[in-house]
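To start, the structure itself, in structure tokens.
The values are calculated or read from the model by the stated rules, or taken from the named source; none is laboratory data. In this text, all values refer to a predicted model and were calculated from it rather than measured experimentally. Heads up, the Cβs are rebuilt from the backbone with ideal geometry, glycines too, and the neighbour counts pull from every protein chain shown. Note: areas computed on protein heavy atoms with side chains; ligands, DNA, RNA excluded. Shrake-Rupley method; radii C 1.70, N 1.55, O 1.52, S 1.80 Å.
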Amino acid sequence: MPIQQQSFDVIIVGGGGAGLRAALQLSQANKRVAVISKVFPTRSHTVSAQGGINAALGNTDGRDDWRWHMYDTIVGSDYLGDQDAIEYMCQHAPEAVYELEHMGMPFSRNQQGKIYQRAFGGQTQDFGGDLVHRTCAAADRTGHALLHTLYQQNIKSKTIFFSEWYAVDLIQDEQQNVTGVLAIDIASGTLGVFSAQATVLATGGAGQIFYTTTNAYTNTGDGLGMVLRANLPLQDMEMWQFHPTGVLGAGVLITEAARGEGGYLINNKNERYMERYAPHLKDLSCRDVVSRCSMIEIREGRGVGSEGDHVLLKLDHLDAKVLNEKLPGIVALAKTFAGVDPSKEPIPVTPTCHYMMGGIPTDRFGQVVKLNAQGEDECVRGLYAAGECASVSVHGANRLGANSLLDIVVFGRSVGVAIISSLEQNKQQASPITEAQIEAASQRILRLRKTQEGEQVAHLRTVMQKIMQEHFGVFRTEEVMAEGLVQLKAVYQRVGHTKLSDTSQTFNTELIEALELENLILVAMASAELALARQESRGAHARIDFPNRDDENWFKHSLYYIDGKQGQRPVNMRPSMVDPFPLKERKY
Amino acid sequence: MNTDLYHVSVYRFNPEVDKKPYMKNYQVKASDCKGVMVLDLLEAIKQHHDPTLSFRRSCGEGVCGSDGMNINGKNGLACITPLSDLEGKVIKLRPLLSFPVVRDLIVDLSQFYKQYESVQPYLQNDTMPAKENVQSYEERKVLDGLYECILCACCTSSCPSSWWNMDKFLGPSALLWACRFIMDSRDTETMARLEDLQGLYRLFRCRGVGMCRDVCPKGLNPTQAIHDIREKMLRDAV
């Protein structure tokens, strides 16, 4: 059966915050934009963000400055963040937040009727001074409020949605330019080709490479797999954030806002141990720092429980009004998933995989970059990326809490703006897609549909997740990682031989999970290989055998290609409005 | 309930092979479940018994609204319904009733989304300040209990008025969203929104049964919201 082709100005893969913000910019400029989303857009993982979105509004403290925010973000990234992109994000944060408010986002309010702002990790005044209240919040449901608002605005601006369509692979011409996407309608099993002058990947994270994660089942790194298969690199994939407060066992997130509102962590001696490690910011130090401290407590025998495998998040000293008004969602989550009422007893928590700092390398405008023969950045024509799947890079080696929602709206918008100007400069249509190009993009589906013998998808996924969990956690060593990589390579081979039990066309979720697993294993391989290669400790990448940051050898982005080849890119130190922030030791 | 082994009966229907739907029984080892929720049970069936079982899921923590289904006769989200809360020998899982079944536990929500879109669920106000709109603490507090809907459709699927008039009555979820914008101090189209809900069906088919409130996994109360819209209509004399 011939595959149906549809043509648009722009295709966006992913209906989370970044995709929807980009779509809105384009729809409002009357571009024909199609959003391909494997779930109905409001089911995207942005919906799970709890604590807030950073912007230097100064609504609580009366003073704040985007330069302070920029400084905090750079230091938080352990200097691996690109300073041009961080500058752009922090400078445009207030505007981005006001814009969301104007769209109707139901932010919580302070007594003056302004947007409520709370304290969050690693956020300071005066370049490392006192804590600042910079995180704009809608109770502890900020992601929900943001995602629904963006979806609603897209309804208003008549964006075209292909809901429950799954993007399989990019379509490329002979010059590696991206001319479209092959996707499958999950409900009917029908394949479709979407061609456009610009394709935006906004496919989110890939936390499902780990066994325990705060991430949704659907965070499977689809855009990352597509990019690797298109022979383009991924960047900084060794940088995985472990959130200090995932509910023990379930992995469900308890927002950093719990500590921002006054909660703190204790060990089995009832000691507030963060005071000992980080006397200045204590429990509101950066996430990588707090997670490492919790793991040290656990490893040194001060963990809680019969296994001594977790710590406790204490909230019972907080005013009932604070819990009910500012943290209602986590009160419910703690009851459901930990069986505790946080107003009466502490919540058992442990560092849990939460966020992927690395991703598809892009420039400040969201255009995907590759290295040319001279090792210089070169844009990939027709391809953009934004949000968690992208590495622009504003998060470097460690993301600040509440900078992810900011990232998705600022760069979702800037991708839209960049595409509009590119479409206006370049009126020519994308080159027509050939049968051979479609066939190249359909290979994975064709294999899965005809394979008779092989292994089952869900089982292999679990095997991979357990390897990553055991070998690539908060603390890493050469020996443990090398062993993990050997096991992972074996799984990688086996994933090439999965077999479907489900041969139906109608809503074949096993088929989708098989395609997702092929992306996950690539992401896991990239993460493992780059983690083993980076012989230093920086941000979330903490090596016991290389405990210090090594700026001389490792102050650079790392790149990974599908054939296992690695490369490097320099960190951008060229902000345009301020002097670059020089490298210093991080202290909280 | 014997917690070593779960007895589960799941609604199965694949339009490509089945003439009609049927219930299929599984005995699932508790040790095969990664967690303690109904969703963990479904994942265990898919991994250890039958990879063809189809259901939606995403966040796994009750905020995305993907896995609304009928659990032992009551609508709820599989990911936040603890297995230990379920009574009876056999756990019965069925798709959300009143929607067309696509396959197994997956229903077609097109009509539900259409109703949602028809209430113009977006803020309308043409004049915006340079910074944020000032909205008092009290004005914002009015939106609590209105904005948190996750579009899981548990309520609309439980509503008898929706069963009879799915195409004409908006249903509890869409009306909750309507209320969220009617009550927002920043919205300037309140009167037009109220006007839009006039007539025999769109709003007024609600009979106050309250099933929506009883099943809402987020603890929201669409019945009250519908009541509040009616009261506002009277007070503002549309």
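Over 25 Å between C-alpha atoms is what I'm after, so list which of A:Lys499/B:Lys46; A:Lys466/A:Lys499; A:Lys38/B:Lys92; A:Lys314/B:Lys131 land there.
Result: A:Lys38/B:Lys92; A:Lys314/B:Lys131 exceed 25 Å.
Restricting to the protein assembly as shown, compute how many DSSP beta bridges are antiparallel as a %, nearest 5.
Around 70 percent of the beta bridges assigned by DSSP in the protein assembly as shown are antiparallel ones.
For segment A:198-226, state which residues have at least 50 Å² less accessible area in the presence of all protein chains than in their chain by itself, taking the probe as 1.4 Å and leaving out ligands, DNA and RNA.
The answer is A:Tyr211, A:Tyr217.
Suppose a student asked you for the relative contact order of segment A:437-549, using Cα pairs under 8 Å spaced at least 6 residues apart; what percent would you report?
Value for segment A:437-549: 33 percent.
Name the long-range amide H neighbours of A:Leu80: under 5 Å, sequence gap of 5 or more, or other chain; modelled H, no Pro or chain starts.
Placed amide hydrogens put A:Ala397 under 5 Å from A:Leu80.
Please compute, for peptide B:148-158, the average count of beta-carbon atoms on other protein chains lying within 10 Å of each residue's beta-carbon. If you can, show how the numbers build up before the last one.
Numbers: counts 9, 3, 6, 5, 1, 0, 0, 0, 0, 0, 0.
Mean number of neighbouring Cβ atoms from other chains: 2.
Out of the DSSP beta bridges found with both residues in segment B:5-106, what percent are antiparallel (nearest 5)?
Values: 16 of 19 bridges.
Antiparallel bridges: around 85 percent, rounded to the nearest 5.
In whole angstrom, how far apart do the alpha carbon centroids of segment A:463-496 and segment A:280-309 sit?
24 Å
If we count every other residue with Cβ under 14 angstrom of B:Ile150's Cβ, Lys/Arg +1 and Asp/Glu -1, where does the sum land?
+3
Can you list the residues of segment A:292-326 with backbone N under 14 Å from a point 7 Å past the Cα of A:Glu345, pointing along Cα to Cβ?
A:305-306, A:312-316
Based on Cβ point charges of +1 for Lys and Arg and -1 for Asp and Glu, what charge dipole magnitude is obtained for segment B:110-236 about its Cα centre, in debye rounded to the nearest 20? It would help to have the intermediate numbers written out before the result.
Working: 16 positive and 17 negative charges, 79 e Å.
Taking the Cα centre of segment B:110-236 as origin, the dipole is about 380 debye.
Amide H to amide H, which residues 5 or more places from A:Ala390 or on other chains are under 5 Å from it, using H placed in the peptide plane?
Hits under the 5 Å cutoff: A:Ile360.
Can you tell me, using C-alpha contacts under 8 Å and at least 6 residues apart, the relative contact order of segment A:248-353 as a whole percent?
Dividing the mean separation by the residue count of segment A:248-353 yields 31 percent.
Positive end of the dipole of chain B, charges at C-beta (+1 Lys, Arg; -1 Asp, Glu), about the Cα centre: which of B:Ser185, B:Leu83, B:Leu170 has its Cα farthest in that direction?
Final value for the positive-end residue is B:Leu83.
If you take the alpha carbon radius of gyration of segment A:248-353 and divide it by 2.2 N^0.38 Å, what ratio comes out, to two decimals?
0.99
Compute the long axis of helix A:457-471 from its Cα atoms, compare it with the longest principal axis of the Cα atoms of chain A, and write down the angle in degrees, 0 to 90, nearest 10.
Computed tilt is about 40 degrees.
Express the C-alpha Rg of chain A as a ratio against the empirical globular expectation 2.2 N^0.38 Å, rounded to two decimals.
0.91
State, to one decimal in nm, how far the label point of A:Lys158 lies from the label point of A:Glu478, with both points 7 Å from Cα in the Cβ direction.
Once both label points are built, they end up 6.3 nm from each other.
When the helix-only estimate is applied to the protein assembly as shown (DSSP H runs of n ≥ 4, each -39,500 (n - 2.57), divided by the residue count), what is the mean residue ellipticity at 222 nm, nearest 500 deg cm²/dmol?
Details: 25 runs with 274 residues, N = 826.
Mean residue ellipticity, 222 nm, calculated: -10000 deg cm²/dmol.
Test of understanding: extend the Cα→C-beta vector of A:Ile3 to 7 Å, then name every residue of segment A:515-550 with backbone N under 18 Å from that spot.
A:515-516, A:518-519, by backbone N distance to the label point.
Can you give me the accessible area per residue for segment B:110-236, using a 1.4 Å probe, in Å²?
44 Å²
Starting from the Cα of A:Gln469, step 7 Å along the direction of its Cβ; do the same at A:Thr503; then give the gap between the two resulting points in nm.
3.4 nm
Work out the mean other chain Cβ neighbour count within 10 Å for the residues of B:66-73 and drop it here as an integer. Before the final figure, lay out each step's value.
On the way: counts 8, 2, 0, 0, 0, 0, 0, 0.
The mean count of partner-chain Cβ atoms within 10 Å per residue comes to 1.
Can you tell me which of B:Leu39, B:Leu86, B:Leu105 moves the most in a GNM of chain B? Springs connect C-alpha atoms under 10 Å apart.
The residue that fluctuates most here is B:Leu86.
Just to confirm a number: summing +1 for Lys and Arg and -1 for Asp and Glu over residues other than A:Trp68 whose beta-carbon lies under 10 angstrom from that of A:Trp68, what do you get?
-1
Against the empirical 2.2 N^0.38 Å scaling, what ratio does the C-alpha Rg of segment B:8-129 come to?
Here the Cα radius of gyration is 1.25 times the empirical estimate.
Taking GluC sites (Glu not before Pro) that fall in a DSSP loop and have at most 14 other Cβ atoms within 10 Å as cut points, what is the longest piece of chain A between them? Could the numbers behind the result be given before it?
Working: sites that count: A:Glu174, A:Glu271, A:Glu300, A:Glu307, A:Glu376, A:Glu453, A:Glu585.
Here the longest segment lacking exposed loop sites spans A:1-173.
Over the whole of A:497-509, what's the average partner chain Cβ count within 10 Å per residue? Rounded to a whole number, please.
5
Using the crude model of +1 on Lys and Arg Cβ and -1 on Asp and Glu Cβ, and no other charge, please compute the dipole size for the protein assembly as shown relative to its Cα centre, in debye to 20.
1700 debye
Quick check: net charge around B:Glu117, other residues with Cβ under 12 Å of its Cβ, Lys/Arg +1 and Asp/Glu -1?
Charge balance in the 12 Å sphere: +3.
Residue-wise, which Karplus ³J(HN,Hα) couplings in Hz belong to segment A:258-266, taking 6.51 cos²θ - 1.76 cosθ + 1.60, θ = phi - 60°, and x for glycine or proline?
Rounded to whole hertz, the list is 4, 7, x, 8, x, x, 8, 8, 10.
May I ask you to find the residues of segment A:326-343 that are shielded by at least 50 Å² of accessible area once the whole protein assembly is considered instead of their isolated chain (probe 1.4 Å)?
So the qualifying set is A:Thr336, A:Phe337.
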